[in-house]
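Before any comments, here is the structure.
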Amino acid sequence: MNADPYAWIEKSLDTVRRADWYRSPQSIESCRGPTVKLGNRRLINFASNDYLGLAGDDRLIQAAVAATKELGTGATGSRLLSGHRDLHRQLELAIANLKQTEDALVFSSGYLANLGAIASIVGKRDLILSDKYNHSSLKNGAALSGATALEYNHCHLEDLKAKLEQNRVKYRKCLIITDSVFSMDGDLCPLPQLIALAGQFNCMVLVDEAHATGVFGARGGGCTEHFGCTGLPLIQVGTLSKALGSLGGYVAGSAALIDFLRNRAATWIYTTGLTPADTAAALEAVKIVQQEPERRSRLQQNIETFKYCAITNRQLPISHSLSPIFSLPLKNAATALTAGSKLKEMGIFAPAIRPPTVSVSRIRISLMATHELAHLQQLVEALGEVLSFDSM
Ligand SMILES: *Cc1c(COP(=O)(O)O)cnc(C)c1O
């Protein structure tokens with residue numbers, strides 16, 4: 001027996017390569033502001049989730065440095081043992097204030113917040129209804145929970161209703177899970193209608209505000225604020241790593257829910273607390289998000305300008321949305337890769353997104369408050385040229 005038990009790994013990688021699905025990280029240097037240095041070239045960055053430009057903000061950097069000097073680099077333990085600092089609590093209260101909920105709990109990432117929340121809220125005898133386009137962390141949270149998980153068609157409330165009518169009575173608890181801003185298409189979940197439907201069937205709703213926190217709502221409270229759903233009994237999840245420019249995730253909701261999660265969410269209990277630096281930076285960001293609505297206005301202006309130039313004027317086949325996320329659907333993975341490298345040659349960093357992340361290959365574009373008009377114009381020109389190269 002000299003069979004290599006690890007030989008399957010290379011084989012599996014070959015399959016990935018043959019499908020043009022192979023991926024590897026590329027190193028980006030100096031990424032404060034709307035441009036990045038990639039190799040020896042400077043490109044305009046349309047691939048960042050730093051929607052408000054806070055990841056390079058001096059105030060966040062100073063807060064992180066000060067917290068590190070005072071408290072050290074690591075939390076040194078889980079929150080229930082040695083890892084809890086007053087700073088964590090300050091951040092949780094600030095998030096609860098931003099979301100207008102009774103309380104909040106900070107996790108080491110948004111991904112872990114979803115896994116921990118979903119897996120502790122529902123179990124074997126329960127039902128999960130999940131939007132087909134939900135983020136990987138919601139889908140894996142559903143799988144981890146052991147509940148029966150059914151997918152409904154993307155943002156399709158009739159399909160959701162039909163599935164509830166058919167299945168709800170067979171289960172004890174029911175949880176509907178959805179992104180509020182869908183991360184790959186940038187469209188918004190019809191939250192008020194979804195919540196009303198959930199009410200009719202006695203279902204809980206978990207809404208993932210990863211791309212909405214700081215971006216939507218007059219105070220940056222997310223889509224719940226944008227849609228006037230503030231104060232409704234929801235389970236709200238989000239990340240500290242997108243518009244808030246730090247690292248970590250949160251769950252916001254009722255005091256009872258948060259207390260329950262502190263006692264039951266394995267991805268919170270059995271993991272090290274957030275670093276002082278990440279915690280302090282996020283706390284500073286939550287304050288800025290509320291105090292500087294002009295950042296959201298600038299982002300909104302950029303969204304309008306880009307829509308006007310690219311879609312109204314040039315009629316480029318780009319998906320419409322209210323969010324800063326746009327997508328240019330392409331024929332297949334190879335075409336998307338070619339488009340991505342052509343854009344790079346033209347000074348634009350907007351990478352190809354391929355299966356299995358999405359079912360339809362595309363160029364994904366995300367706008368930031370810190371993009372200038374000239375950046376947007378250069379993007380529109382480059383997209384136009386890429387599309388005219390061949391019939392993509
Ligand atoms: C990015 C993202 C997450 C994960 O957040 P991290 O803090 O990066 O782990 C969860 N849900 C959605 C919808 C996201 O886009």
- request: Can you give me the number of residues within segment 119-146 that are away from the ligand (no atom under 16 Å from the Cβ), part of a helix (DSSP H, G or I) and surrounded by fewer than 16 Cβ atoms within 10 Å (Cβ to Cβ)?
  value: 0
Segment 147-176: number of residues that are touching a Pro at 6+ places or on another chain (Cβ under 9 Å) and either away from the ligand (no atom under 16 Å from the Cβ) or among the small types (Gly, Ala, Ser) (or both): 1
query: Ser391: modelled with pLDDT under 95, out of contact with any strand residue (DSSP E or B) (no Cβ under 6 Å at 6 or more places or on another chain) and part of a loop (DSSP other than H, G, I, E, B), yes or no?
result: yes
- request: Please give the number of the condition Ala94 fails out of (1) away from the ligand (no atom under 16 Å from the Cβ); (2) under 23 Å from Leu188 (Cβ atoms); (3) under 22 Å from the mean Cα position of the chain (by Cα); (4) open to solvent by less than 80 Å² (accessible area, probe 1.4 Å).
  value: (2)
query: Within segment 147-170, how many residues are open to solvent by less than 40 Å² (accessible area, probe 1.4 Å) and touching a helix residue (DSSP H, G or I) at 6+ places or on another chain (Cβ under 9 Å)?
result: 6
message: Among the residues of segment 171-178, are any over 22 Å from Asn202 (Cβ atoms) and either within 22 Å of the chain's Cα centre (by Cα) or assigned to a loop (DSSP other than H, G, I, E, B) (or both)?
response: no
task: Return only the number of the condition from (1) more than 21 Å from the chain's Cα centre (by Cα); (2) polar (S, T, N, Q); (3) more than 15 Å from Val106 (Cβ to Cβ) that Thr272 does not satisfy.
output: (3)
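Just one of Ser180, Ser241 is buried (at least 24 other Cβ atoms within 10 Å of the Cβ) and either within 29 Å of Ala350 (Cβ to Cβ) or in contact with a Pro (Cβ under 6 Å, 6 or more places away or on another chain) (or both); which is it?
On the way: Ser241 fails: buried (at least 24 other Cβ atoms within 10 Å of the Cβ).
Going through Ser180, Ser241 in turn, the sole match is Ser180.
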message: Can you confirm whether Ser109 is out of contact with any Asp or Glu (no Cβ under 9 Å at 6 or more places or on another chain), modelled with pLDDT of 95 or more and more than 16 Å from the ligand (Cβ to nearest atom)?
response: no
- line: From the option list Phe306, Phe326, Phe227, single residue qualifying as in contact with a Leu (Cβ under 8 Å, 6 or more places away or on another chain) and without any contact (Cβ under 8 Å) to a residue 40 or more places away in the chain is Phe227
field: Residue ranges of helices (runs of 4 or more DSSP H) in segment 244-296 with at least 1 members within 15 Å of the ligand (Cβ to nearest atom), modelled with pLDDT of 95 or more and open to solvent by 10 Å² or more (accessible area, probe 1.4 Å)
entry: 266-269, 276-291
message: When you scan segment 59-70, do you find a residue that is surrounded by fewer than 14 Cβ atoms within 10 Å (Cβ to Cβ) and under 24 Å from the mean Cα position of the chain (by Cα), even just one?
response: yes
- request: Give the residue, chosen from Asn153, Asn134, that is more than 25 Å from Ile303 (Cα to Cα) and either basic (Lys, Arg) or not assigned by TED's automatic domain parsing to the domain that holds His320 (or both).
  value: Asn153
- request: Kindly indicate whether any position in segment 180-196 is part of a strand (DSSP E or B), among the charged types (D, E, K, R) and either out of contact with any Phe, Trp or Tyr (no Cβ under 7 Å at 6 or more places or on another chain) or free of Cβ contacts under 8 Å to residues at least 24 places away in the same chain (or both).
  value: no
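The values are calculated or read from the model by the stated rules, or taken from the named source; none is laboratory data. Predicted model, so just to flag it, every value in this text is computed and none were measured. Every residue, glycine among them, receives a Cβ derived from its backbone with ideal geometry; neighbour counts consider all protein chains shown. Heads up: the accessible areas ignore ligands, DNA and RNA and are worked out on the full protein's heavy atoms, side chains in. Shrake-Rupley method; radii C 1.70, N 1.55, O 1.52, S 1.80 Å.
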